[in-house]
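Below is one structure, written out as structure tokens; the observations come after it.
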Amino acid sequence: MRLPAHRLLPATALTAATALLTGCFAGAESATGDAGGGKRIRVAMMQPPRSGLSPLSDDAFKLSRWSTAETLVKLDEEGDAEPALATKWTQSGKSWTFTVRDGVTFHDGTELTAEDVVRSLTEAAGASPKPRILDGVELTAKAGGKDTVVVTTGDEDPLVPQRLSSPQLSILAAKAYEGKTVSPVGAGTGPFELTKVNGTSSATLDRYDAYWGGKAKSPGIDVRFVPDGTARAAALRSGEADIVEAVPVSQAALLDEDLITEVPMPRTNTLYLNTEKGVFKDASLRAAARAAIDAESIVKGVYEGRADVAEGLLGPALPWAAGLRTPVSHAKAGNPSGKSLTIGTFTDRAELPEVAAILQQQLQKAGFKVKLDVREYANIESDALAGEFDAFILSRATILDSGDPAAYLYSDFASDGSFNLSQLADPTVDKALTKAGGTQAGEARRKAVIEAEGAVLATDAALPMLHERVIQGDAAGVTGAAHDPRERELITADTYVK
């Protein structure tokens, strides 16, 4: 999806923003080609490392996006597991046996073995805090030979391969674990070797010519961390950067439409309705609220058209969802008759207070009396979880690190869900969620997930409004950059700058 934009950055804004980037890539070898004529890739990333690029933190996604650290398996577009550092796997009850790929070497020259896999997984399972993907999961790993690893969980888990695709479970060389913190420098297996990290300002990666998957097209990557969105956009426009993460909506319209791509995110802006008490305990009034919402006007007014109107809880970032979805039966809308309600939301995401203001107008037009309560998220979350609001607006990630939405649905809508803002307790929903969570990965699980989504939507406990997008900038000479809704890939072995 391209943006119909032709305006230029005002000179003053461009000058100020570019100043933030001055010298950012100084000394980088971006203009130096190798024997194949390719250039180093200059990347402006949004967030600096928070934990020294430890794979046991959210920094792991940077390692994945730079193609320096790899996992046993990866996910295809549908969310199914595919071979990576493991070539195959089999399940027997609570245990899964993975065959480790032969002929893989770490960036320090050591050979990948089953013991290396066991070490990395054991470090992750014993970390404090645990990687998100292992939250609530008891996982152990042991070598079954030089080239096999047996992974066992406390409960039978059909999603073990998907879990092992999380960048937080990357497999690193022994040297990575020698210090007090895990260091990925020179310890990965990907097509690019992380050679230098300059705190929260920059990182350097060079092509690893002995990569098991074939030589990368680019000689290396020069990364700069640029939290300021205006500066990132200016870097793309001025030619200071080849690839830019997360171009702000306010800046997207100021850039050449051929340089930016909108990527659908697995994130849904949803109005959660309190089904336990208050005005929305009445299903007919929940239906009235659903009928009153004009999501298209929110997309146009708040998101400047750069979002997708929701058809369900799961959006276009999960391309299989729309084709499996069937019509849902709802309760008949009742008459609000001036009933009062309070909508809560938070300021941490700048668009949410604007969404709340528009919803207030739409619901008042339908006959409700609406009060808004807007605070910082840290100061409002406990009240929201305690059911202190009649409705709550949340921008919610719909897949977790496994690439599977069943966990999100259970967390938000099961009777004992840990994030049940709607206070929903519906036996039909619980049954559908349990079925989805226990179904084997693949088409059957996807169908079960959509059935569970339908059961939730039928209650009108949650009214999905829109699905968000992220905007990525690629310079004219860039080919092969990834546009990944899961934000696991950015630069691959095929990414190239002419």
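Points worth noting:
- A cut-off under 9 angstrom between Cβ atoms defines the neighbours of residue 342, and their net charge, with Lys, Arg +1 and Asp, Glu -1, is -2.
- Length gained when the stretch residue 87-residue 209 is fully extended (0.36 nm per residue, less Cα-Cα span): 41.8 nm
- Helical content alone sets the calculated 222 nm signal of the chain at -7000 deg cm²/dmol, taking -39,500 (n - 2.57) per DSSP H segment of four or more residues and averaging over every residue.
- Carbon/sulfur fraction of accessible area - the chain, other protein chains in place, 1.4 Å, %: 49
- All other residues whose Cβ lies under 13 angstrom from that of residue 214 are scored, Lys and Arg at +1 and Asp and Glu at -1, for a net of +1.
- Packing-based ranking of 286-296, 81-91, 378-388 yields 286-296, 81-91, 378-388, ordered from highest to lowest mean Cβ neighbour count within 10 Å.
- Net length available on complete extension from residue 340 to residue 155 is 62.0 nm, with 0.36 nm assigned per residue and the Cα-Cα distance removed.
- Inter-probe distance in nm under a simple model that places probes 7 Å from Cα toward Cβ, at residue 111 and residue 296: 6.3
- Alpha-carbon centroid distance for the pair region 413-448 / region 235-307, whole angstrom: 25
- Zero-based 20 Å bins, Cα pair distances in the chain, whole percents: 22, 51, 25, 1
- Nitroxide proxy distance, nm - points 7 Å out along Cα→Cβ at residue 200 and residue 329: 5.5
- Computed packing ranks the peptides 52-63, 297-308 as 52-63, 297-308, most packed first, by mean other Cβ atoms within 10 Å.
- Evaluated at q = 0.14 Å⁻¹, a Debye calculation over the C-alpha positions of region 63-190 (equal weights, vacuum) places log10 I(q)/I(0) at -0.55.
- Heavy atoms of the protein chains alone define the surface here; on that basis the chain has 41 Å² accessible area per residue at 1.4 Å probe size.
The values are calculated or read from the model by the stated rules, or taken from the named source; none is laboratory data. Values in this document were obtained by computation on a predicted structure and should not be read as measured data. Please note: Cβ atoms are built from the backbone with ideal geometry, for glycine as well, and neighbour counts cover all protein chains shown. In case anyone asks, the SASA skips ligands and DNA or RNA and just uses the protein heavy atoms, side chains included. Shrake-Rupley method; radii C 1.70, N 1.55, O 1.52, S 1.80 Å.
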